[in-house]
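Heads up, the thing below is written out as structure tokens.
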Amino acid sequence: MATDILQTLAAEFAIPIWVIVVASLWSLAWKALAMWKSARLNQPAWFIVLLVFNTLGILDILYIFLFSKIKFSNKTKAKKKRKK
């Protein structure tokens, strides 16, 4: 079943099957790492965005190396503490 789908995709788009498999594994690895990091940093909005959008790892890599490094200001942290 899965091989039939891969063969059909490869034939339709003239892409070798190994390229599809490598791209899928690449995307899965980055997505898993980014989602794990967003969950650990308690960022549910990012978790959902990373879950929904597939960008061959581009958004996931940007999140890991750029967006997850952004820290909240003290005002934002104080507001969160007051809400609890």
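Taking segment 32-55 on its own, how many of its residues are of a type outside the set (A, V, I, L, M) and under 16 Å from LEU66 (Cβ atoms)?
Restricting attention to segment 32-55, the residues satisfying the condition of being of a type outside the set (A, V, I, L, M) are 36-38, 40, 42-44, 46-47, 53-55.
If we keep only those that are under 16 Å from LEU66 (Cβ atoms) as well, we get 37-38, 43, 46, 53, 55.
Within segment 32-55, residues that are of a type outside the set (A, V, I, L, M) and under 16 Å from LEU66 (Cβ atoms) number 6.
Among the numbered criteria (1) in contact (Cβ under 8 Å) with a residue 12 or more places away in the chain; (2) surrounded by 14 or more Cβ atoms within 10 Å (Cβ to Cβ), which single criterion is violated by ALA10?
(1)
For segment 22-51, name all the residues that are within 27 Å of ALA10 (Cβ to Cβ), surrounded by fewer than 16 Cβ atoms within 10 Å (Cβ to Cβ) and among the aromatic types (Phe, Trp, Tyr).
The one that is within 27 Å of ALA10 (Cβ to Cβ), surrounded by fewer than 16 Cβ atoms within 10 Å (Cβ to Cβ) and among the aromatic types (Phe, Trp, Tyr): TRP26.
Inside segment 36-70, can you point out the residues that are outside any loop (DSSP other than H, G, I, E, B) and of a type in the set (Gly, Ala, Ser)?
If the condition is that a residue be outside any loop (DSSP other than H, G, I, E, B) and of a type in the set (Gly, Ala, Ser), then SER38, ALA39, ALA45, SER68 are the ones that fit.
Rule-based calculations on the coordinates, nothing more; no lab input. Quick caveat: nothing in here was measured; it's all calculated off a predicted structure. Reconstructed Cβ throughout: ideal geometry from the backbone, glycine too, with neighbour counts over all protein chains shown.
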